[in-house]
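Below is one structure, written out as C-alpha cells; the observations come after it.
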Amino acid sequence: QKQLVESGGGLVQPGGSLRLSCTASENVRNIIDMAWYRRAPGKQRELVASINSRGDTIYADFVKGRFTISRDDAKNQIYLRMNNLKPDDTAVYYCKGDKIRTTQGIGFDYWGQGTQVTVSS
C-alpha cells in the first residue's frame, strides 16, 4: 500500500500555474518532514522543495520565487504551488515522506508514485 499519493499534475502552457497535492494514506498518523522531488526526461531525480514539522522550507535555486511548498497537518497533506511554469519544469513530480509516523511507528523515505507535469504551448 502506497503511503503517499500525488495529484494535480497535467498539461499547462508556459507562464501558467498548477497546484500539486500529496495525501497520506489512512495508516499514516502524522506527516513530519516532507519534500517534493522531480525527475525530468533523461535526468536524475532532484529536490524541488522541502518542509519540516516546524514549517521551515528549503527550495532549489531553480524554483525560488516561483514555487511554494505548504502543509496541512490536520489533513495529512502537503502541496506544491507552481507559478510561472517553464518548459524546463516538465517532469514527473514525486512526494517524499522524509519522516512520517504510521500505525507501525516512525518511518523514513517513503515515496509517492509521481504525477506528470508537462509545460508546453
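Both radii come from the Cα set of region 8-57: Rg as radius of gyration, Rh as Kirkwood radius; their ratio Rg/Rh reads 1.03. Distance between the 7 Å Cα→Cβ label points at Ser17 and Thr103: 3.8 nm. With a cut-off of 14 Å between beta carbons, the residues surrounding Asn76 carry a summed charge of +1, where Lys and Arg count +1 and Asp and Glu -1.
Set the Förster radius R0 to 25 Å, insert the Cβ-Cβ distance between Ser53 and Asp88 as r into 1/(1 + (r/R0)^6), and round the FRET efficiency to 0.05. Efficiency, rounded to the nearest 0.05: 0.20. When every Cα-Cα distance of the chain is counted in 5 angstrom steps from zero, the calculated P(r) takes the values 2, 12, 24, 25, 18, 11, 6, 2, 0, 0 percent. With a threshold of 21 Å on the Cα-Cα distance, the over-threshold entries among Lys43/Lys75; Lys64/Lys96; Lys2/Lys64; Lys2/Lys75; Lys43/Lys86; Lys2/Lys86 are Lys43/Lys75; Lys2/Lys64; Lys2/Lys86. By definition, a body whose alpha carbon gyration tensor gives a ≥ b ≥ c is oblate when a/c is 1.5 or more and a/b is not larger than b/c, and region 72-111 fits this oblate description.
What's the FRET efficiency of Asp33 with Lys64 using the Cβ-Cβ distance as r and R₀ = 25 Å, to the nearest 0.05? E between Asp33 and Lys64, to the nearest 0.05, is 0.80.
No lab work stands behind these numbers, since they all come straight from the coordinates. Values in this document were obtained by computation on a predicted structure and should not be read as measured data. Note: ideal-geometry Cβ built from the backbone for every residue, glycine included; neighbour counts use all protein chains shown.
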